[in-house]
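Report on one structure; see the data block that follows.
The values are calculated or read from the model by the stated rules, or taken from the named source; none is laboratory data. Model, not experiment: these values are computed from the prediction. Positions of Cβ are generated from backbone atoms using ideal geometry, with glycine treated the same way; all protein chains shown enter the neighbour counts. These accessible areas exclude ligands, DNA and RNA; they are computed on the full protein's heavy atoms, side chains included. Shrake-Rupley method; radii C 1.70, N 1.55, O 1.52, S 1.80 Å.
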Amino acid sequence: MQLKRRQFLGLSAAAATLALAGFGFAEEEIFTAFDHNEIEDVWIPTHCKACAADNRCHLLVHRVNGVAVKIEGNPASPTNQGRNCAKSAAALMTLYNPYRVKSPMKRTNPEKGRGIDPKWVQITWEEAITAIAGKLKQVQGEDPRRFIFLTGHGASLNMNTEQAFAEAFGTPNVIVGGTSVGCGGSSSPINKIINGGGQARADLLYCNYFLNLGANSQQGGKGNSEEVNAFVDARIRGLKVVNVTPILSPSLAKTDEWVPIVPGTTGYFLLSMINVILNELAIYDQAYLLKRTNSPYLVGEDHLYLRNEELHEDEVRGLELGKPLLWDLADQQAKAFDDLTLQEPALDGSFALNGKSYRTAFSALKEHVRAYTPEKGAAITGIPADTVRRLAREWVEQARIGSTITLGGITYPYRPVAIISEQGSKCHVDNYMVVHAAKILALIVGAAEVPGSAKSAGIPSYRINPVDGVTTSEEFVYVPLQKNPEHISLIEHSPIPGSSTGLAWLTLADPGSYGFDYIPEVLGIWGGNPQALLGDFERVNAIMKNFPFTFAISYEFDEPTEFADIILPESSWLERYGLSSYVPRTSFTDVFQEKGNYGWAIQQPVLAKPLYNTKEGNQIILELSEALGILKGKEGVLARLNLSLGLKEDYQLDTTRTYTWEEVMELMCLAKTGGQYDLGWFKENGISAYDIYDIKNYYGYSKYPQARLPIYLEEFASHRLRLAKEFAEKNIARKPGNDFVLKQFTPLPYWEPHPEHQASQEFDLYCINYKNMQHHFACNIGNGWLMELTEAQDPYSLNIMVNAQTAAERDLKDGDTIAIESFKGGKIEGKVKTSHLIHKEVLGIAGAYGIKTANFNPAAKHGPAFGDLLKLGEELFNPLKINLDRDVKVKIRKV
């Protein structure tokens, strides 16, 4: 029988909220239910995909007579321990969203633009796949590079199918929508070399002092329930939290001290703290710096290591080099870092060899930071000099230098201080510098990968360069430049592969001016939303409009999908299969020791069949690959999935046949559990847990006792010399200038004013973008319940937060409408909401609201669109890790 809307709403109190949200349904009868003579009442395990928290929260979905009526946390999970947040609790509306794409669609209106209705008409799956395959085959035959595949967090659930598809097709051009310019990716290379993983977290089980620089982890998308619970327990235990941010959002308000800072000046603040500690207090962990860092390595005036003549192939620098030398005070001579006769290495000082002067990297750091005085900083950061000095003293005192702690029979340095730099502090043109400075602040007191410090969000895994003994990363390996680039993101003009894909939205506007010898013709969209984070709608929309053909694999009619010619409808995340691993991210707690410290969790459809005529994105990729003839064979999608998913021997995909995605998941479940559990077992049980790791594996200090962590990035000094030579020899000119790129390759971080700091005086306020709990980036903006929650209980997210004193000085009050104009020309309007919890020179705008697409949930149109203030330009992108400077200088007027 068919279940009518009224019957569905009667199933649960939660479902009744649908009516309160004011959403009607396009069809009177849309939910297929069981016959009334049959009773179904089941709980279905799955994992969450309501934000970008790496699928770490495990859920139970209650299904009654074919209808999902409630979502709770899975108590069997060692990560979220039965808890779940509002995003997952409201995911029923993600499933039963009336504004979803419900069937394959074709555009009938040739005019494309923001908010212009494409006038979609339904077509069959066969028609859609055939039309897309026809366009792609034509491009593949001419030049496969002309196909651009735009992906993002909403794509393949870490299954790598988008990459396998692109590689089999022959295009290098997979670009990430917008999160690559505004998420943790900018810190991943530095985190890898210091913490052994792409992300770092405070070890909250043992940390006593947490210096937080813009990490909204108890509220933003990374604030999964594991971390929220760990933070609450730590606060109860007595953890002190100091937030240095321009805004004190609801989660950051759980703090002991708020230090307001001018946006974009965190780098100066950190360098001034380091200066106070090294040159005024002279308190640091000498034993740690000597044995566990490259602080004692000798460097010359060219900023390079002094090396011996025993040459080895250095894969990071791409050169044959000798081993770095240290100064042995006992013998008064230079010796290799791994020389067994080394007795008393010098940490500080300058030494003459062969008529040249060399100093230790530590001495270079001390001298470098002398220029960053708290007094000068007060006019730059807005933080009084006395506050900087007090925080510096608190940092070294709380670090407890010299203390130890024994865990699992291993004695560690006990350094219960942690510093985390996240989006608020690092989404700037100097993001590498900020993250590196934060790591140096930790290293000088020995607070890295030891109990109580910041550590890898998971099990650390270092790559150690055998030539110098220092940790490094694949993202630091020098790659020779190429005159004519292949990747539309301009990777071939960057010497390290750490660059993200943000520059694609500059090169796509005029590929020829960047040296490309092809023009993109087909755009595929799957999960990426550049408009949400990059902003500059005029530029990005013009680029999308200029593609002769665009297709989208999409769950909803978001901004990029509005430019598609054909839409392939993707199931909601509650109707998909996935498999994700987990390890402890914050601390090695008793819960992980009791329930297992490593495991796999299933994501599975919670309904018997898809609600509409939709398919999983991964299934769509398989079918599109088959239509293109790139699914099978040694170079096909299946063969590449075998490699990327680790499917081997009995559990590898047969590259001569076709598969459904469910069949792929069957093999993956068996492969990841050594044949122990199949998909059927996971569908019933949800989580497979194992006891694999111990304390020794959890901290980098004990797992890698020989690793030296770099306070001094000598490879950057080496890269800079090679890069300057290649720019000249290959006649490559980067925008806005080669010097802009070269100066980023420095072994020690520095601070200089950002473009917004140099705006004319009429732009006298800053405007920043912050995350809230209910909406992570652009995730869940179309969820009606979460928008209702925002409107009813969050007075700030849909308004413009203004400092109360600033508002009074400008005769503004709550509810007034103001017009904002950025120094780059962007303009928006919005209503004022005053607060004392924002810097007096700063305006705050949350999320990615103000969506203006024609067929999206109209509730998401509410609120100011921060992205409309942004304009893209090479001078706003960090050339190493392409993060966009997303703080803008603005002026306002009352409307």
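Computed quantities for the displayed model
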quantity	calculated
The range 366-382 residues that are outside any helix (DSSP H, G or I), paired with ones that are hydroxyl-bearing (Ser, Thr, Tyr) and surrounded by 19 or more Cβ atoms within 10 Å (Cβ to Cβ) (beta carbon under 9 Å, 6 or more apart)	Tyr372/Tyr268; Tyr372/Ser272; Thr373/Ser272; Gly382/Thr265
Any chance Gly850 is open to solvent by less than 10 Å² (accessible area, probe 1.4 Å), under 26 Å from Thr561 (Cα atoms) and without any contact (Cβ under 8 Å) to a residue 24 or more places away in the chain	yes
Flag if Pro374 is over 31 Å from the mean Cα position of the chain (by Cα) and within 21 Å of Tyr712 (Cα to Cα)	no
Of residues in the range 676-698 being modelled with pLDDT under 95 and in a loop (DSSP other than H, G, I, E, B), the one most open to solvent (accessible area, probe 1.4 Å)	Asp691
Complete set of residues in the range 675-732 that are acidic (Asp, Glu) and closer than 30 Å to Thr411 by Cα	Asp691, Asp694
Residue match in the range 301-322 (condition: under 25 Å from Glu449 (Cα atoms), small (Gly, Ala, Ser) and in contact (Cβ under 8 Å) with a residue 12 or more places away in the chain)	no
Candidates Glu422, Glu475, Glu492, Glu486, filtered to the one that is within 20 Å of the chain's Cα centre (by Cα) and more than 24 Å from Tyr209 (Cα to Cα)	Glu475
Among the residues listed as Tyr268, Tyr284, the single one being of a type in the set (Ser, Thr, Tyr), assigned to a loop (DSSP other than H, G, I, E, B) and within 29 Å of Asn212 (Cβ to Cβ)	Tyr284
Which listed residue, of Ala808, Ala804, is touching a His at 6+ places or on another chain (Cβ under 6 Å) and either surrounded by fewer than 23 Cβ atoms within 10 Å (Cβ to Cβ) or under 30 Å from Ser554 (Cβ atoms) (or both)	Ala804
Condition check for Gly863: not aliphatic (A, V, I, L, M) and not in a strand (DSSP E or B)	yes
Residue list for the range 535-554, restricted to those being touching a Ser or Thr at 6+ places or on another chain (Cβ under 8 Å) and in a helix (DSSP H, G or I)	Met544
For Ala532: the one exception among (1) open to solvent by 20 Å² or more (accessible area, probe 1.4 Å); (2) in a helix (DSSP H, G or I); (3) not acidic (Asp, Glu)	(1)
Matching residues in the range 395-425 - criterion: being open to solvent by less than 50 Å² (accessible area, probe 1.4 Å), touching a strand residue (DSSP E or B) at 6+ places or on another chain (Cβ under 7 Å) and modelled with pLDDT of 95 or more	Trp395, Ala399, Ile405, Tyr412, Pro413, Tyr414, Pro416, Val417, Ala418, Ile419
Answer residue from the range 520-543, given it is of a type outside the set (Val, Ile, Thr) and over 24 Å from the mean Cα position of the chain (by Cα) and is modelled with the lowest pLDDT among those	Glu538
Subset of the range 556-609 that is among the basic types (Lys, Arg) and not in a helix (DSSP H, G or I) - its residue that is most open to solvent (accessible area, probe 1.4 Å)	Lys609
Single residue of Lys891, Lys833 found to be without any contact (Cβ under 8 Å) to a residue 60 or more places away in the chain, farther than 30 Å from Arg100 by Cα, in contact with a Phe, Trp or Tyr (Cβ under 6 Å, 6 or more places away or on another chain) and open to solvent by 10 Å² or more (accessible area, probe 1.4 Å)	Lys833
Extreme residue, farthest from the chain's Cα centre (by Cα), among residues of the range 715-759 that are polar (S, T, N, Q) and open to solvent by 60 Å² or more (accessible area, probe 1.4 Å)	Asn731
Any hit, the range 80-98, residues being closer than 21 Å to Asn529 by Cβ, open to solvent by less than 40 Å² (accessible area, probe 1.4 Å), modelled with pLDDT of 95 or more and among the aromatic types (Phe, Trp, Tyr)	no
Any hit, the range 647-664, residues being modelled with pLDDT of 95 or more and within 21 Å of Arg56 (Cβ to Cβ)	no
Among (1) in contact with a Gly (Cβ under 9 Å, 6 or more places away or on another chain); (2) over 26 Å from Gly115 (Cα atoms); (3) not in a loop (DSSP other than H, G, I, E, B) - the single one Leu880 does not satisfy	(3)
Test: Pro172 is open to solvent by 10 Å² or more (accessible area, probe 1.4 Å), assigned to a loop (DSSP other than H, G, I, E, B) and at pLDDT 90 or above	yes
Enumerated strands (runs of 3 or more DSSP E) restricted to the range 50-164, each holding at least 1 residues that are in contact with a Lys or Arg (Cβ under 7 Å, 6 or more places away or on another chain)	58-64, 67-73
Candidates Glu756, Glu788, Glu762, filtered to the one that is farther than 27 Å from Pro374 by Cα and either outside any loop (DSSP other than H, G, I, E, B) or hydroxyl-bearing (Ser, Thr, Tyr) (or both)	Glu788
Set Lys291, Lys222, Lys254: member being open to solvent by 40 Å² or more (accessible area, probe 1.4 Å) and modelled with pLDDT under 95	Lys254
Number of positions in the range 338-396 that are of a type in the set (Ser, Thr, Tyr) and farther than 30 Å from His757 by Cβ	6
Hey, Ala448 of a type in the set (A, V, I, L, M, F, W, C) and open to solvent by less than 10 Å² (accessible area, probe 1.4 Å) or not	yes
Pair list, Cβ < 6 Å and 6+ apart or interchain, from the range 743-763 residues that are closer than 29 Å to Glu367 by Cβ to residues that are open to solvent by 30 Å² or more (accessible area, probe 1.4 Å) and modelled with pLDDT of 95 or more	Phe745/Arg720; Pro747/His303; Leu748/His368
Matching residues, the range 722-742, being part of a loop (DSSP other than H, G, I, E, B) and touching a residue at least 40 places away in the same chain (Cβ under 8 Å)	Lys730, Asn731, Ile732, Arg734, Lys735, Pro736
Residue within the range 207-214 that is at pLDDT below 90 and surrounded by 24 or more Cβ atoms within 10 Å (Cβ to Cβ) present	yes
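Yes/no per residue for (1) part of a loop (DSSP other than H, G, I, E, B); (2) among the aliphatic types (A, V, I, L, M):
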{"residue": "Gly424", "(1), (2)": "no, no"}
{"residue": "Ile440", "(1), (2)": "no, yes"}
{"residue": "Ser461", "(1), (2)": "yes, no"}
{"residue": "Asp468", "(1), (2)": "yes, no"}
{"residue": "His487", "(1), (2)": "yes, no"}
{"residue": "Trp505", "(1), (2)": "no, no"}
